[in-house]
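Participant: Below is one structure. I have some questions about it.
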Amino acid sequence: MTAAQTFGWLILAFPLLGTLVIAFGWRALPGRSAGWIGTGAIALAFLSAVGALVSIQGLGEEERAVTASAFAYAETAGFSVDFGILVDPLSVFMCLVVAGVSSLIHLYSVSYLSSDEGYARYFAYLNFFVLSMLLLVLAGNLVLLIVGWAFVGAASYLLISFWYRRQTAVYAGIKAFVINVIGDVGLVVAAFLLFNETGALDYAGVFEGAREGFSTNDGTLVAACLLLLVGAFAKSAQLPLHTWLPDAMEGPTPVSALIHAATMVTAGVYLIARTHPLFELAPAAADVAAIIGLATVIFAATVALVVTDLKRIIAYSTISQIGYMILGVSIFAYGAGLFHLMTHAFFKALLFMGAGSVIGAMGGVQSIDRMGGFRKAMPFTFITFTIGALALAGFPLMSGFFSKDEIVAFTFNRGGLYVLMGIGAYLAALLTAFYAFRMVFRVFWGEPVPEARELEQGHLAHHDPANPMTGEAEDSDVGFPGPEHHIAEREAPMRAAMGALAVLSVLGGLVAIPGVTDTLEHFLEPTFAESAGFHEHPSTGAEVLGLVVGGLIAIAGIAGAWAVYLRRPGVSLELRDRFRAVHGFLERKWWFDELYDAVFVRPAATAGRIGNSVIESALVQGVIVGGATGVVRAGTSFARAIQSGYVRAYALLLFMGLFALALYFLIVSS
């Protein structure tokens with residue numbers, strides 16, 4: 001076994017071991033040991049990914065796709081699928097991002113969840129979640145990809161509804177699971193179509209079969225790619241399958257960070273990049289993905305302008321940013337799309353961690369309408385959160401500045417109608433900068449709220465436990481949030497995780513500065529060597545011009561937020577009153593939830609009620625079961641009535657029977 005193969009298996013082995021140790025040994029684990037075991041397992045997986053990186057870098061460019069098989073997963077006449085992994089630049093890149101960011105989120109969770117009664121259960125789920133994501137990106141064939149894909153959906157359900165005695169969390173978990181299953185079905189049917197046409201399920205076999213068997217935009221191939229997109233859009237919360245992600249904020253805040261920053265919601269981006277030979281043969285499907293991606297960018301950015309729940313603002317930001325990534329990989333700018341996936345993981349995890357710290361200081365309150373003035377009370381959280389917001393806004397020289405604008409530059413480079421898409425991407429960037437600093441100004445600036453004043457005096461606010469969405473009273477027993485709140489200013493593990501991510505949010509963009517560095521693109525080149533789109537670059541001058549325009553847009557958006565929320569604090573209410581209809585439309589999230597409720601949920605509920613009241617009660621119980629019971633009951637009553645015990649009565653019945661038989665034969669004979 002080569003070094004790359006060994007490290008590939010170790011990447012999976014450590015999270016699996018961590019899951020098993022915590023799940024089966026939690027009763028014997030004292031204090032925070034479950035947290036440290038879980039964190040250590042993911043950190044070892046990250047080190048294994050570094051080992052895999054070094055190993056494949058030591059190989060020639062054409063040899064940097066190493067496969068390994070543990071056993072035959074399914075085998076029958078003429079058909080075999082291995083439990084096999086693929087270690088290549090793309091999978092190693094994803095493993096580094098997933099395991100690296102996940103290990104920091106685990107470290108943050110060691111303190112953040114320390115008072116929760118479900119502490120060990122939480123880390124068992126968290127390790128399983130990371131294992132599922134790593135299995136997804138290391139899978140060497142479509143079958144194992146689907147297994148990892150489904151595991152990710154199951155793990156997200158367990159973590160979103162982690163506080164299982166909170167009804168809103170349970171509903172959110174079910175919603176996420178159902179929408180993800182819709183995506184799973186699309187992915188499975190796509191795999192069947194591809195297998196039927198190519199006779200293969202491993203990536204190399206499928207791609208080779210597709211090149212030989214399909215012409216450009218072949219109907220079957222386009223259908224298979226569109227089905228792949230169903231899976232991608234469901235997992236990556238793109239229109240119209242996005243509604244589960246904002247509700248997923250019911251889980252603990254580090255879970256939100258893990259879902260948004262690691263592979264869970266970026267799995268769709270990875271899927272398109274991994275199957276890029278298919279999409280390049282079916283550009284019609286790729287165009288559909290690009291249009292949906294851009295539409296999602298704009299939609300989510302507009303909603304984030306008015307949402308008041310801090311975690312949900314960040315959630316809509318994620319939906320929007322993934323739209324950029326989908327746009328990038330769909331126009332075959334794989335390096336740009338994956339570059340933004342990486343930088344987004346850094347600053348989005350940082351923003352969620354900062355939000356968790358503020359929510360802890362607020363005693364569990366999540367509405368920015370109740371927040372303000374935390375700048376002096378929480379200087380560390382303020383600085384790191386602002387760094388994350390700057391990166392999200394695409395402020396010059398921050399990581400998001402380079403990665404987002406590279407996607408836009410590639411979009412303009414395609415020409416034609418893509419120029420309009422580039423303009424739309426810039427419009428969304430302006431909105432992004434505005435809502436990013438809406439969070440900063442509303443939470444950290446302005447008049448301090450009572451909780452901020454208490455914290456400045458050294459006291460951490462505590463409120464009676466309550467559901468932040470409904471206000472319902474809760475307790476802090478198992479299945480509810482723990483009784484204590486934790487903030488970054490007082491917990492070393494939380495500070496360490498946020499500090500590391502803040503540094504990465506600043507420096508992460510250095511790997512791809514136009515005309516200076518192309519480290520990431522060069523590293524990924526062996527995976528995309530045969531792609532024509534991968535080698536179509538805008539000129540360095542066009543990229544630099546794009547950065548200048550993007551930087552000015554970011555500054556304009558931040559200035560707009562400053563004018564609205566700091567210079568003239570009342571103007572936001574004036575705008576809301578003047579454009580109440582627009583505000584209401586955005587506040588209702590473009591009515592998607594209401595539309596789905598009217599089209600799917602209510603008809604299904606009505607059908608269920610009809611089935612229960614008419615079919616079950618009237619037909620089944622009344623006619624079938626009840627009717628048969630009535631016949632038996634009547635027969636029994638009649639038999640009981642004729643059992644009188646009088647001989648004369650029995651003789652009369654015998655005579656009547658003989659008379660009936662004689663009459664019957666007379667009629668028949670005539």
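The values are calculated or read from the model by the stated rules, or taken from the named source; none is laboratory data. On a predicted model such as this, the values are computed, not experimentally measured, just so you know. Glycine also receives a Cβ, built like all others from the backbone with ideal geometry; neighbour counts cover every protein chain displayed. When the accessible area is computed, the model is the full protein with side chains, heavy atoms only, and any ligands, DNA or RNA have been set aside. Shrake-Rupley method; radii C 1.70, N 1.55, O 1.52, S 1.80 Å.
Participant: Treating only the Cα positions of the stretch 219-349 as identical point scatterers, give the base-10 log of I(q)/I(0) from the Debye formula at each q in 0.09, 0.17, 0.22 Å⁻¹.
Facilitator: For the stretch 219-349 at q = 0.09, 0.17, 0.22 Å⁻¹, log10 I(q)/I(0) is -0.23, -0.79, -1.25.
Participant: Suppose we look only past 24 Å in the calculated P(r) of the stretch 334-490. What percent of the Cα-Cα pairs does that tail hold?
Facilitator: Taking all Cα-Cα pairs of the stretch 334-490, the fraction more than 24 Å apart is 45 percent.
Participant: Just to be sure I understand the model, the point goes 7 Å from the Cα along the line to the Cβ. What's the resulting Glu616 to Ser476 distance in nm?
Facilitator: Roughly 4.1 nm, to one decimal.
Participant: Counting each DSSP H run of 4 or more residues in the chain as -39500 (n - 2.57), what helix-only mean residue ellipticity at 222 nm follows after dividing by all residues, to the nearest 500 deg cm²/dmol?
Facilitator: -22500 deg cm²/dmol
Participant: Once the other residues with Cβ under 12 Å from the Cβ of Glu117 are scored (Lys, Arg +1; Asp, Glu -1), what is the net sum?
Facilitator: -2
Participant: Right, next: Using Cα positions and a limit of under 20 Å, work out the lysines in reach of Lys235, with same-chain residues fewer than 8 apart set aside.
Facilitator: Partners found: Lys175, Lys311, Lys348, Lys589.
Participant: Can you bin the stretch 338-420 into rounded, prolate or oblate? Criterion: square roots of the alpha carbon gyration tensor eigenvalues sorted a ≥ b ≥ c, rounded for a/c under 1.5, prolate for a/b above b/c, oblate for the rest.
Facilitator: It is prolate, given that a/c is not under 1.5 and a/b is the larger ratio.
Participant: Nearest 10 degrees, 0 to 90: what angle lies between the long axis of helix 310-330 and the longest principal axis of the chain (Cα atoms)?
Facilitator: 80 degrees
Participant: Working from Cα positions, state the angle (0 to 90°, nearest 10) between the long axis of helix 142-160 and the longest principal axis of the chain.
Facilitator: Orientation of helix 142-160: about 90 degrees from the principal axis.
Participant: Could you work out the relative contact order of the chain? I mean the mean sequence separation of Cα pairs under 8 Å and 6+ apart, divided by the number of residues, in percent.
Facilitator: 13 percent
Participant: What part of the accessible area of the chain, given as a whole %, is carbon or sulfur when the probe is 1.4 angstrom?
Facilitator: 67 percent
Participant: How much of the DSSP bridge set in the chain is antiparallel, in percent, rounded to the nearest 5?
Facilitator: If we restrict to bridges inside the chain, about 100 percent are antiparallel.
Participant: Would you kindly compute the Cα radius of gyration of the chain and its largest Cα-Cα separation (Dmax), both in Å?
Facilitator: That works out to 30.5, 118 Å for Rg and Dmax.
Participant: Could you give the angle, 0 to 90 degrees to the nearest 10, between helix 626-642's Cα long axis and the longest principal axis of the Cα atoms of the chain?
Facilitator: For helix 626-642, the angle is close to 20 degrees.
Participant: Report the equivalent ellipsoid semi-axes for the stretch 457-540 in whole Å, largest first, defined as the square roots of five times the eigenvalues of the gyration tensor built from alpha carbon atoms.
Facilitator: Ellipsoid half-lengths, sorted descending, are 48, 19, 12 Å.
Participant: Given an 8 Å cut-off on Cα distances and at least 6 residues of separation, report the relative contact order of the stretch 144-294 as a percent.
Facilitator: 27 percent
Participant: If I histogram all Cα-Cα distances within the stretch 1-143 using bins 5 Å wide from 0, what percent of pairs lands in each bin?
Facilitator: Reading upward from the zero bin: 2, 11, 19, 19, 16, 13, 10, 7, 3, 1, 0, 0.
Participant: How many percent of all Cα-Cα pairs in the stretch 493-620 sit more than 23 Å apart?
Facilitator: Every Cα pair in the stretch 493-620 considered, those over 23 Å come to 70 percent.
Participant: Please work out, to two decimal places, the log10 of the ratio I(q)/I(0) at q = 0.10, 0.16, 0.20, 0.21 Å⁻¹ from a Debye calculation in which every Cα of the stretch 288-408 carries one identical scatterer.
Facilitator: Rounded to two decimals, the profile gives -0.32, -0.76, -1.07, -1.14.
Participant: For the stretch 138-230, what does the alpha-carbon gyration tensor say about shape, rounded, prolate or oblate, given a ≥ b ≥ c as the root eigenvalues, a/c under 1.5 as rounded, and a/b over b/c as prolate?
Facilitator: prolate
Participant: Checking the a/c ratio against 1.5 first, then a/b against b/c, what shape does the Cα gyration tensor give for the stretch 169-288?
Facilitator: It comes out prolate by the Cα gyration axes.
Participant: Over its Cα atoms, what ratio of radius of gyration to 2.2 N^0.38 Å does the stretch 77-120 give?
Facilitator: Working it through for the stretch 77-120, the quotient is 1.92.
Participant: Between Ala662 and Ile291, what is the label-point separation in nm under the 7 Å Cα-to-beta-carbon projection?
Facilitator: It works out to 8.9 nm between the two label points.
Participant: Find the accessible area per residue for the chain; the probe is 1.4 Å, ligands and nucleic acids are left out, and the unit is Å².
Facilitator: Roughly 41 Å² per residue, with all protein chains present.
Participant: Here is a further query. Volume per residue, Å³, of the convex hull around the alpha-carbon atoms of the stretch 193-254?
Facilitator: 113 Å³
Participant: Counting alpha carbon pairs within less than 8 Å and at least 6 residues apart, what relative contact order, in whole percent, applies to the stretch 390-440?
Facilitator: 37 percent
Participant: Using all C-alpha to C-alpha distances in the stretch 122-169, build P(r) with 5 Å bins and read off the rounded percent in each one.
Facilitator: 5, 25, 26, 18, 13, 8, 4, 2
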